There are 2 protein chains.
Amino acid sequence: MHFEAALAEFLPADALLIETAAKRPYECDGLSAYREIPRVVCLPRTRDEVQKIIQTCAAYLVPIVPRGAGTGLSGGALPLAHGCLLSLARFNRILEIDPDNRLAVVEPGVRNLAISEAAAPHGLYYAPDPSSQIACSIGGNVAENSGGVHCLKYGLTVHNVLGVKLFLSDGQWLELGGRTLESPGLDLLAVINGSEGLLGVIMEITVKLLPKPESAKVLLAAFTNIEAAGAAVAGIIEAGITPAGLEMMDRLAIKVAEDFCHAGYPTDAAAILLCELDGGVDEVAAEIARATAVLQRFGASEIRCSRDEAERLRFWAGRKAAFPAIGRIAPDYYCMDGTIPRRELARVLSQIEAWSAEYGLLIANVFHAGDGNLHPLIAYDANDDQQLATAELIGAKILELCIEVGGTVTGEHGVGVEKLNQMCLQFGSAELAQFHRLKAAFDPLNLLNPGRAVPTLHRCAEFGAMHVRGGQLPHPELERF
Amino acid sequence: MHFEAALAEFLPADALLIETAAKRPYECDGLSAYREIPRVVCLPRTRDEVQKIIQTCAAYLVPIVPRGAGTGLSGGALPLAHGCLLSLARFNRILEIDPDNRLAVVEPGVRNLAISEAAAPHGLYYAPDPSSQIACSIGGNVAENSGGVHCLKYGLTVHNVLGVKLFLSDGQWLELGGRTLESPGLDLLAVINGSEGLLGVIMEITVKLLPKPESAKVLLAAFTNIEAAGAAVAGIIEAGITPAGLEMMDRLAIKVAEDFCHAGYPTDAAAILLCELDGGVDEVAAEIARATAVLQRFGASEIRCSRDEAERLRFWAGRKAAFPAIGRIAPDYYCMDGTIPRRELARVLSQIEAWSAEYGLLIANVFHAGDGNLHPLIAYDANDDQQLATAELIGAKILELCIEVGGTVTGEHGVGVEKLNQMCLQFGSAELAQFHRLKAAFDPLNLLNPGRAVPTLHRCAEFGAMHVRGGQLPHPELERF
């Protein structure tokens, strides 16, 4: 029996897409420069169907690419031409909101924001808030260990997930973590977070809910040069203040965001900081005073504090709209995602500015300054092959600069297909080989999202960047990777 | 050549202990009810010596038990009679304090408190603070993912470790994580935290340092019944207050601690809470007011706020001395370490009280109430075999109750040899098999601390507690475990 026929034995017609036209909507995720039509798209509705799909793929050795909402920015859900694209979109039920123990149990296709909406009647919310939170799914958030504006204070996805249930690539069911923060045994749960679909197919997630803070206010501080803004970020953290969010936007980002949504940003500033403080009313008042003093000390030319909730949301609206607003200056943008030590902000930003001038592409900078997570947005026109190539070249240079100053090639968007080469720079062959051994401990046949997130040693050797430490080759049995 | 002779080829005489008398000090860790004299004790001084010891053990198939300061409470550093006890005690140098990037790079034998002492001139400290912090080593903290009083706000060890460098069991060198909080690729660093010596020999650790809070105050609240104290704990967390520490002590713990060190505790209380708030001066004042209101609402019979730093330290002194103070009422104590949902505190405590009466052993309760981490201290006399057996029986019952109410069998002390049977209750065979596959991905010959932390499926079957979900056997190739 053909693979497709084997799937059709148990999948209803609307859960198995084989015609090219039907599969087209799944050809890419948020990294739309990469496209591929998969062999089949499966849209199961039940856990039993998922298990049978996985077992069928294992029997026919057809690789599986799991997909949530497809909003990922690094190509982690890019289909494989010979593979099965496994959409979890129909698993979109919130199974439980437990206000007593402050947790929610949800299926992987539930949208990030939907969790907070369901928890709101209990005064609770789910903290990690990627910019795409209206659309992105919690399963994808776990797969990518997603961040967001509020992760500086409340942590990444991994810090807010209490448990996951998943299928391994042979159809075996695994339950990791639970309803308390700690779990004995080796920390398999932490490994699943950020595993980019390589280790299992996540079917159920238990997340922490937090009480909505009594009060939240945003300080908007303008600076006449970006170095001073960068220094102020370090100053706030060093003062022992932990903002709920601490974001920076540069001149171009301010301008496009203001044109787009009229947030009231000072368009003559070289950079603005948005610094949110939350907690009890008195506590927020005290922290606002301390943060204001720090911002003044670092030379802010203007400081405004949100007067009410409407103004707080307006201050954030510009930041959250910055990505789509780039559409005003170019048809496409390439969003990078590197993390650097906070102290290196000024140096890295001025190098990015120099490359922008050298290569003739506009670059807006919008980023999670508090944790050093950069998001340079390189504006280009995808219909111009030369511009696409240049955008990718600048992107690679930025990531390599991040490594050079002691940072990493991804903050919160994952490696996917986008950053495989940079992984060869960031890691030595011993570490890459260990990644592959861990992958094999979950997925010995290499069926789940093969080739993504961790480059093969062969690829790194071809890229000319294989690190061989102290003349030692990695384990010979791993040379096939 | 004999194994011992092979070690003597490169180890100086004072780094290789073979005589029984010389090995005696290493026969147990903090769980002294279990003792074993190892085949050899190695006390290397250099990284090169460690690598050669590991390679020699691999060549002779001699298992290795790594050991830090030996303060662990679950027997994770208990020697194997046929094994090599590998002490990292001589790796006790602080390699770097980097105040700009707020981190320290240290060797595994550095004492926990020594890091904070070295960072103090920069106004920084290392947050996780196990009660044993004067003596315990940071390598052991990583191996056990240690907690402490302040972990409610600042996280466990895993949340404060940025990077580790280690040897695998074949002598290969691995560098995981680095100097930023996020790292791309599969999260090997998180797996190392809490891996109890099963995955590698940790040689270097990079930890986060935090700024010392401007102000810290402790509220001491007394309650006339323990249920009200438990409810107040939940009330504080629900009010959105995040104390730096939130600890509970019951009547017996209060009494022995007060007799021991005169902390000024109200000895007529059924329970006290110690609630520390830290941050900016105004912020702490605001939070103290809010927390006081909550404690009043939940019926505290008395509330005192530390008036100065001396009083704050005195309030904590009783809590920190509670373990040794138990020595006043019995020659030995067995310290349990389970975690339960906060809501279950009252129920679990009254069951523990009932067992204490039924079996005739005193049990004091001292615990991290804020995160539901219990530490019942079962007082007994180790020279009385019957009492030891009873203490172990009660301990097992407490852990099983923790699982029953939705908690876990360890909060921060690890599984070691102590909780292997309870792991069979907490996990199904699919999860246990996955732990073993992960272990094999790091240590294919099973040389590092074999048999600890994760029970074999065979052991669970003998214990009568192997969970076989849905009639499916785990992978047949894993039946040897």
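A few comments on the model shown:
- Subset of segment B:319-339 [open to solvent by less than 70 Å² (accessible area, probe 1.4 Å) and hydroxyl-bearing (Ser, Thr, Tyr)]: B:Tyr334, B:Thr339
- Meets criteria (assigned by TED's automatic domain parsing to the domain that holds A:Glu227 and within 24 Å of A:Gly230 (Cβ to Cβ)) for A:Leu277: yes
- Residue among B:Phe435, B:Phe463 that is in contact with a Cys (Cβ under 7 Å, 6 or more places away or on another chain), surrounded by fewer than 24 Cβ atoms within 10 Å (Cβ to Cβ) and either more than 30 Å from B:Ile64 (Cβ to Cβ) or not assigned by TED's automatic domain parsing to the domain that holds B:Gly83 (or both): B:Phe463
This table checks each residue for (1) small (Gly, Ala, Ser); (2) within 24 Å of the chain's Cα centre (by Cα); (3) closer than 17 Å to A:Ala222 by Cβ.
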{"site": "A:Phe298", "(1), (2), (3)": "no, no, yes"}
{"site": "A:Asp308", "(1), (2), (3)": "no, no, no"}
{"site": "A:Asp337", "(1), (2), (3)": "no, yes, no"}
{"site": "A:Asn365", "(1), (2), (3)": "no, yes, yes"}
{"site": "A:His375", "(1), (2), (3)": "no, yes, no"}
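- Test: residue in segment A:169-190 that is polar (S, T, N, Q) and in contact (Cβ under 8 Å) with a residue 24 or more places away in the chain: yes
- Given (1) under 19 Å from the mean Cα position of the chain (by Cα); (2) over 15 Å from A:Val201 (Cβ atoms); (3) free of Cβ contacts under 8 Å to residues at least 60 places away in the same chain, index of the condition A:Gly75 fails: (3)
- Members of segment A:120-132 found to be free of Cβ contacts under 8 Å to residues at least 24 places away in the same chain and touching a Gly at 6+ places or on another chain (Cβ under 7 Å), listed by number: A:Asp129
- Considering residues of segment B:363-409 that are in a loop (DSSP other than H, G, I, E, B) and within 11 Å of chain A (Cβ to nearest Cβ) only, the residue modelled with the lowest pLDDT: B:Val409
- Filter result for A:Ala269 (at pLDDT 95 or above and small (Gly, Ala, Ser)): yes
- Count - residues of segment A:111-129 that are within 30 Å of A:Cys335 (Cα to Cα) and away from chain B (no Cβ under 14 Å): 9
- Test set (1) within 14 Å of chain B (Cβ to nearest Cβ); (2) modelled with pLDDT under 90 - A:Cys335 fails condition number: (1)
- Restricted to segment B:177-197, and to residues there that are among the hydrophobic types (A, V, I, L, M, F, W, C) and within 7 Å of chain A (Cβ to nearest Cβ), the residue that is most open to solvent (accessible area, probe 1.4 Å) is B:Leu181.
- Among (1) over 30 Å from A:Ile64 (Cβ atoms); (2) without any contact (Cβ under 8 Å) to a residue 12 or more places away in the chain, the one test that A:Ile394 misses: (2)
- In segment A:15-41, the residues that are among the small types (Gly, Ala, Ser) and out of contact with any Gly (no Cβ under 6 Å at 6 or more places or on another chain): A:Ala15, A:Ala21, A:Ala22, A:Ser32, A:Ala33
- Output for segment A:410-431, where each listed residue is part of a loop (DSSP other than H, G, I, E, B) and either crowded, with 24+ Cβ neighbours inside 10 Å or not aliphatic (A, V, I, L, M) (or both): A:Thr410, A:Gly411, A:Glu412, A:His413, A:Gly414, A:Val415, A:Gly416, A:Glu418, A:Lys419, A:Phe427, A:Gly428
- Checking B:Leu209, B:Leu219 one by one, the residue that is more than 10 Å from chain A (Cβ to nearest Cβ), farther than 24 Å from A:Ser183 by Cβ and touching a Cys at 6+ places or on another chain (Cβ under 6 Å) is B:Leu219 and no other.
- Qualifying residue in segment A:296-306 (condition: within 14 Å of another protein chain (Cβ to nearest Cβ), within 30 Å of B:Ala286 (Cβ to Cβ) and polar (S, T, N, Q)): no
- Qualifying residues in segment A:92-128 (those that are closer than 27 Å to B:Gly372 by Cα and among the charged types (D, E, K, R)) - the one modelled with the lowest pLDDT: A:Asp100
- Residue list for segment A:144-160, filter: under 10 Å from the mean Cα position of the chain (by Cα) and more than 12 Å from chain B (Cβ to nearest Cβ): A:Gly148
- Residue pairs whose Cβ atoms lie under 8 Å apart, separated by 6 or more positions or on different chains, with the first residue in segment A:42-65 and at positive phi and the second open to solvent by 80 Å² or more (accessible area, probe 1.4 Å), are A:Leu61/A:Leu445.
- Of the residues making up segment A:441-460, those that are among the aliphatic types (A, V, I, L, M), part of a loop (DSSP other than H, G, I, E, B) and within 12 Å of chain B (Cβ to nearest Cβ) are A:Ala453, A:Val454.
- Residue check, A:Ser195 over 18 Å from A:Glu144 (Cβ atoms) and not assigned by TED's automatic domain parsing to the domain that holds A:Trp316: no
- When segment B:90-110 is filtered for residues that are more than 14 Å from chain A (Cβ to nearest Cβ), of a type in the set (A, V, I, L, M) and surrounded by 19 or more Cβ atoms within 10 Å (Cβ to Cβ), the ones remaining, listed by number, are B:Ala104, B:Val106, B:Val110.
The values are calculated or read from the model by the stated rules, or taken from the named source; none is laboratory data. None of these values were measured; they are calculated from a predicted model. With ideal geometry, Cβ positions are generated from the backbone for all residues, glycine too; neighbour counts draw on all protein chains shown. Quick note on the areas: whole protein, heavy atoms, side chains included, nothing else; ligands and nucleic acids left out. Shrake-Rupley method; radii C 1.70, N 1.55, O 1.52, S 1.80 Å.
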